[in-house]
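Notes for the one structure printed next.
The values are calculated or read from the model by the stated rules, or taken from the named source; none is laboratory data. All of these numbers come straight from a predicted model, not from anything done at the bench. Cβ: placed from backbone, ideal geometry, glycine included. Neighbour counts: every protein chain shown. Heads up: the accessible areas ignore ligands, DNA and RNA and are worked out on the full protein's heavy atoms, side chains in. Shrake-Rupley method; radii C 1.70, N 1.55, O 1.52, S 1.80 Å.
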Amino acid sequence: MNGNVWVYDVECYSNFFSLVALDFKGENYVKYVIHESRDDSAELLSWLDLRPIMVGFNNLEFDGQIIEFFWRAAGSVTAEKIHEFMQTLPIVTGNKFSLPFGEWDMSFKQIDLFKLNHYDNSMTSLKWLEFSTRWPKLQDMPIAHNAEVTKAKIEDVLKYNTNDVDFTHNFLMRCLSMIELRSELKAKFSQPRIMNMSDSSMGSYIFEHILTKDYAMNKRELKKGTKHKEIHGRDILLDYIYFETPELQNVVETFKNRVYTDIRNKGITDESYEQLVLAHDMVYVFGSGGLHACWRAGEFLSDEDHIIMSVDVKSYYPNLAISNNFYPTHINNSFCKIYKQIYEERQMYPKGSALNYAYKIALNAVYGKSNNEHS
């Protein structure tokens with residue numbers, strides 16, 4: 001990341017606006033205020049004219065929106081006008097589809113640590129991160145959000161604003177490998193929006209990119225999905241599954257007799273399933289999410305006749321689809337060709353490298369989103 005990267009945060013009250021930013025090296029701050037007692041609009045406009053790359057937390061939906069509003073108004077807005085604009089944002093209205101400026105429409109490059117960590121899935125706040133990482137200076141807002149800021153209270157708000165910037169800068173340092181990965185993929189796929197994608201979104205984008213570019217598939221057709229009213233277990237179990245143990249044969253019969261029904265029009269669902277089986281002196285737990293088993297606790301030693309092995313299956317679920325030719329009906333078996341292509345391409349990059357990880361999440365994200373009607 002170059003020297004024009006700044007970590008920033010804004011505060012908005014009905015009569016007050018502030019922006020505090022810290023450079024990537026963590027050495028220099030800039031602090032701007034718009035208030036009846038102080039107007040740094042011209043200075044803020046000059047700083048923005050230098051085109052900083054702006055790093056924040058939930059900035060795509062909040063801070064960046066306000067900066068874009070200020071920039072497009074050429075700085076000729078009051079704190080009151082900025083506050084009025086803030087009231088139209090989804091964070092206030094609750095309407096996530098009412099975002100005034102899309103990421104692709106913004107005048108400044110924004111890196112959103114909230115988005116790329118997928119915290120929008122759990123709505124993790126900056127304060128919760130400060131608490132959970134034991135940030136030494138956990139602060140509450142010095143003034144109620146619906147109060148007016150007096151001249152005497154400006155410094156208190158700026159200290160609060162600066163503390164949030166300091167933590168966001170600290171958090172950025174923890175996320176550098178994630179940002180480097182996205183920078184590499186952004187260049188490879190010529191897609192700037194990758195910078196703020198979560199791992200799963202980035203993985204499914206890679207797969208979608210190959211489908212639409214290399215196989216000339218229509219993105220709208222891909223989104224249609226394949227609908228099923230019900231799925232019978234006996235129709236989807238593979239013929240080569242066979243057990244000699246009666247207890248495990250019983251498990252196969254249980255799966256054969258199950259019917260999965262689309263009861264909510266949101267994909268195949270079923271009541272939670274669990275079956276415990278004792279076989280070969282070990283308890284196997286079969287459930288809706290898979291199989292778990294663990295040998296009883298003890299001390300195990302290798303000797304001349306016995307070795308202790310740890311075995312893993314590389315890309316287990318993706319390889320089930322690749323090897324057995326599983327694919328969504330609306331895509332056809334090109335799906336498996338691409339799946340295999342991504343799997344083989346992953347092998348070209350050393351384990352631990354950015355691109356090896358990127359192709360790994362591409363493989364896993366496709367499986368993970370296979371029952372998501374919006375994917």
- For the range 73-79, just list the computed ³J(HN,Hα) in residue order, Karplus coefficients 6.51, -1.76 and 1.60, θ = phi - 60°, integers in Hz, with x standing in for Gly and Pro. 8, 6, x, 8, 9, 8, 4
- So how much accessible area does Phe69 have, in Å² to the nearest 10, using a 1.4 Å probe? 50
- FRET efficiency for His232 and His118, using Cβ-Cβ distance with R0 set to 35 Å, rounded to 0.05: 0.50
- Message: Nearest 10 degrees is fine. How inclined is helix 176-189 to the longest principal axis of the chain, computing both from alpha carbons?
- Response: 80
- Message: Could you give the length gained by full extension between Asp156 and Tyr273, i.e. 0.36 nm per residue of separation minus their alpha carbon distance, to one decimal place?
- Response: 36.6 nm
- For labels at Ile308 and His292 in the simple 7 Å Cα→Cβ model, what's the distance in nm? 2.2
- Message: If I take R0 = 41 Å and measure r between the Cβ atoms of Lys137 and Asp39 in this structure, what FRET efficiency does the formula 1/(1 + (r/R0)^6) give, to the nearest 0.05?
- Response: 0.90
- Of Met178, Met141, Met348, which has the most accessible area with a 1.4 Å probe, and how do the rest follow in descending order? Met348, Met141, Met178
- Run the 1.4 Å probe and let me know the accessible area of Phe85, rounded to the nearest 10 Å². 30
- Item | Nearest-ten-degree value, helix 246-256 long axis tilted from longest Cα axis of the chain | 60
- Message: Distance between the C-alpha centers of the range 95-172 and the range 295-362? Whole Å please.
- Response: 39
- When the chain is fully extended, how far beyond the present Cα-Cα distance does Glu299 get from Ser14, taking 0.36 nm per residue of separation? 96.0 nm
- Expected field for Glu345, accessible surface area in Å² at 1.4 Å probe radius, rounded to 10, holds 40
- Message: On a 26 Å Cα-Cα criterion, which of the cross-link pairs Lys256/Lys369; Lys337/Lys369; Lys224/Lys314 come out too long?
- Response: Lys224/Lys314
- Per-residue HN-Hα couplings for the range 221-235, Karplus 6.51 cos²θ - 1.76 cosθ + 1.60 at θ = phi - 60°, whole Hz, x for Gly and Pro? 5, 4, 6, 5, x, 10, 9, 10, 6, 7, 10, 8, x, 5, 7
- Message: Here are labelled values, [x] 24.8; [y] 22.6; [z] 23.9, and one is the computed Kirkwood radius over Cα pairs in Å for what I pasted. Which one?
- Response: [x]
- Residues whose modelled amide H sits under 5 Å from the amide H of Val55, counting only those 5 or more places away in sequence or on another chain, are Trp6, Val7, Tyr8, Ile111
- Query: So between Lys109 and Val285, what do we pick up on full extension, going 0.36 nm a residue minus the alpha carbon distance?
  - Reply: 58.5 nm
- Message: Restricting to DSSP loop positions (anything but H, G, I, E, B) with no more than 11 other Cβ atoms inside 10 Å of their own Cβ, which trypsin sites (Lys or Arg not before Pro) remain in the range 180-235?
- Response: Lys229
- Summarise the accessible area of the chain (1.4 Å probe, protein heavy atoms) by the percent that is carbon and sulfur. 51
- Item | Residue-normalised accessible area of the chain, given per residue in Å² at a 1.4 Å probe | 59
